[in-house]
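Report on the structure given below.
The values are calculated or read from the model by the stated rules, or taken from the named source; none is laboratory data. Because the structure is predicted, anything quoted here is derived from the model rather than measured. Don't worry about glycine lacking a Cβ; one is built from the backbone with ideal geometry, like all the others, and counts go over all protein chains shown. In case anyone asks, the SASA skips ligands and DNA or RNA and just uses the protein heavy atoms, side chains included. Shrake-Rupley method; radii C 1.70, N 1.55, O 1.52, S 1.80 Å.
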Amino acid sequence: MAGRLEGKVSIVTGGARGLGEGIVKLFAAEGAAIVVADVLQAEGEAVVSRLRSEGARAVFQKLDVTNEADWSACVSKAVSEYGKLTTLVNNAAVFNASGLEGTALSDWNKVITVNLTGPYLGMRTAMPELTRSGNGAVVNICSLYGMIGTTGFTAYHSSKGGLRMLNKAVALEYAKRGVRVNAVFPGNTRTPAMDNLTDEENAAVLALVPMGFSGEPLDMAYGALYLASDEARYVTGSELVIDGGWSIP
Ligand SMILES: NC(=O)c1ccc[n+]([C@@H]2O[C@H](COP(=O)([O-])OP(=O)(O)OC[C@H]3O[C@@H](n4cnc5c(N)ncnc54)[C@H](O)[C@@H]3O)[C@@H](O)[C@H]2O)c1
């Protein structure tokens, strides 16, 4: 069934590669017009030209999610290109694998600023257009690490735990104002961000996944698609875990 996002106009942050690229491709295939927003200009433009060659509607906009002026330009781009903004996917994030004492303040600030302040700025800037559309949706790409703790990733856990609460708070605030706000909680997913894991580290992660294999970007994108579509018209503040069963025990 194609066309599940017919009439939608979506910004996807971090859309130049990995999980974000998977969302961009699926959303475009389902009829949405897309603003691919990323700091990676060459990669983002390449994604857009591939989509356009397949007949999709897509543009690239350089966006650093930590920068307010970039956000204003990004929302304006969606409206000037496609006449409205119905959907925001906050997907861009950075990783940091350090534990508490190994996390320098500069690393902490970077992770919190990109992963938590970024979605806050995005929602704040996009909300006037999302409410104006009369049927808006935000999908926050969180992480299983926003629900569980491990002995590393101190700043990353904190950023995603914060995003989980931001998702709930904004969902409540806009529940009667025509904007649904939901989150996807991916488990281990094969993206460029995971490329620097050693075979040993990969095996250790997979040992924690009951289904025994890593997810692909498309597995997460299907969750985002549902939450962004009108099929989810009665769904807000929800937390869709897609993790091969990692969170069960
Ligand atoms: N890969 C996994 O196993 C996994 C697991 C759980 C959650 N996630 C979440 O999925 C999302 C995507 O992760 P991924 O694995 O595709 O990572 P990735 O590193 O492959 O891609 C992240 C994208 O975000 C962009 N980005 C980073 N900082 C940015 C900034 N300041 N402004 C704009 N764009 C920026 C990068 O350029 C890149 O295109 C993230 O929110 C991540 O936390 C991933």
- Along the dipole axis of the chain (charges at Cβ: +1 for Lys and Arg, -1 for Asp and Glu; origin at the Cα centre), the most positive-end residue among 204, 20, 36 is 36
- Message: Please compare each pair in 25/160; 25/77; 62/176 to a cut-off of 27 Å on the Cα-Cα distance and tell me which ones are over it.
- Response: 62/176
- Cα-based helix-to-principal-axis angle, 41-53 vs the chain, degrees rounded to 10: 50 degrees
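Between residue 148 and residue 131, 0.36 nm times their residue separation minus their Cα-Cα distance comes to what? Let's see the in-between values first.
Values: separation 17, 0.36 × 17 = 6.12 nm, distance 3.27 nm.
Answer, rounded to one decimal: 2.9 nm.
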- Task: Any chance you could give the angle, 0 to 90 degrees and rounded to 10, that helix 68-82 forms with the longest Cα principal axis of the chain?
- Result: 50 degrees
- Task: On a 0 to 90° scale, report how tilted helix 217-228 is relative to the longest principal axis of the chain, with both axes built from alpha carbons and the result rounded to the nearest 10.
- Result: 50 degrees
- Item | Long-range HN-HN contacts of residue 92 with modeled amide H, under 5 Å | 13, 14
- Can you work out ³J(HN,Hα) from phi for every residue in segment 159-164, in order, using Karplus 6.51 cos²θ - 1.76 cosθ + 1.60 and θ = phi - 60°, giving whole Hz and x for Gly and Pro? 5, 6, x, x, 5, 4
- How much of the accessible area of segment 1-128, probe 1.4 Å, is carbon plus sulfur, in whole percent? 51 percent
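Treat segment 21-178 as a sphere of radius equal to its Kirkwood radius over Cα pairs and apply Stokes-Einstein at 20 °C in a medium of 1.002 mPa s; give the translational diffusion coefficient in µm²/s, rounded to a whole number. Don't skip to the answer; put the middle values down first.
On the way: Rh = 16.5 Å.
Calculated translational D: 130 µm²/s.
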- What spacing in nm lies between the two simple spin-label points modelled at residue 211 and residue 124, each 7 Å away from Cα in the Cβ direction? 3.7 nm
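Taking a ≥ b ≥ c as the square roots of the eigenvalues of the Cα gyration tensor of segment 92-237, is the shape rounded (a/c under 1.5), prolate (a/b larger than b/c) or oblate?
On the way: a/c = 2.52, a/b = 1.52, b/c = 1.66.
Note, shape of segment 92-237 comes out oblate.
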- Item | Given charges at beta-carbon only (K, R positive; D, E negative), |dipole| of segment 102-249 in Debye | 820 debye
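What stretch of the chain, leaving out the sites themselves, is the longest with no chymotrypsin sites (Phe, Trp or Tyr not before Pro) in a DSSP loop having at most 10 other Cβ atoms within 10 Å? Please list the in-between numbers first.
Values: sites that count: 213, 234.
Counting only loop sites that pass the neighbour cut-off, the longest clear stretch is 1-212.
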